[in-house]
Every structure is written in structure tokens, then in C-alpha cells.
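Enquirer: Got a structure for you, written out below as C-alpha cells; questions coming shortly.
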Amino acid sequence: MKILDPSGKRAYDKEMEEEANWLGPALLVSDEAAMHIAALGLTIAKASDMYGASEPLVQMRLNVTGAYRRLANRRRYA
């Protein structure tokens, strides 16, 4: 895919943009990292500092991965 369209404007591929919007945060705070944050009981601020990601991104990844819920389930069935 070309970066610019024939008129010189930025070419936009919605599917690629959506994938990038998912991939970037997942690379910054992986599923494993989210579980680590939850297991240690880190604050969002501390996790943000540790992973070099914004607090909203860390919170979003904790929510998307279900880290706290998954940790609670592991502990309940352990």
C-alpha cells in the first residue's frame, strides 16, 4: 500500500489502522504483563512507570485482558 494517494493526501486503510490501534497497546503491555501487574497488585501509576505506557493505556489493557478477573479465578480454583 502506498503512503500517499494520487492527489498527495495520506492514504488511509481503516483495517490497517484498527489493527495498529490494537497492536501498539498489546506490544506495550502484553497479556503476560497485565497478569503480572494484577498479580503484584501494582497501582496503575506504578505499572505505567514500569512499562513506559500511559495510565489510560495500562488501564485499558488490564480491562481488555481481564487480568484481575482471570487472577481471581485462578486463586479461587487453586
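Enquirer: Working with all protein chains in place, sort 43, 65 by solvent-accessible area computed with a 1.4 Å probe, largest first.
Expert: The most accessible residue leads, giving 43, 65.
Enquirer: When only DSSP loop residues count, what chymotrypsin sites (Phe, Trp or Tyr not before Pro) in segment 14-78 have their Cβ near at most 13 other Cβ atoms within 10 Å?
Expert: Within segment 14-78, the qualifying chymotrypsin sites (Phe, Trp or Tyr not before Pro) (loop, at most 13 other Cβ atoms within 10 Å) are 77.
Enquirer: For Rg and Dmax of the Cα atoms in Å, the listed values are (1) 17.1, 61; (2) 11.8, 38; (3) 12.8, 38; which was obtained by calculation from the structure presented?
Expert: The calculated read-out lines up with (1).
Enquirer: Among 49, 13, 31, which one shows the highest mean-square fluctuation when the chain is modelled as a Gaussian network with alpha-carbon springs under 10 Å?
Expert: 13
Enquirer: Separate question: Per DSSP helix of 4 or more residues, -39500 (n - 2.57); summed, then divided by the residues of the chain. What does that give at 222 nm, rounded to the nearest 500?
Expert: -21000 deg cm²/dmol
The values are calculated or read from the model by the stated rules, or taken from the named source; none is laboratory data. All values reported here derive from a predicted model rather than from experimental measurement. In this analysis, Cβ positions are derived from the backbone assuming ideal geometry, glycine residues included, and neighbour counts consider all displayed protein chains. Calculation scope for accessible area: heavy atoms of the full protein, side chains included, ligands and nucleic acids excluded. Shrake-Rupley method; radii C 1.70, N 1.55, O 1.52, S 1.80 Å.
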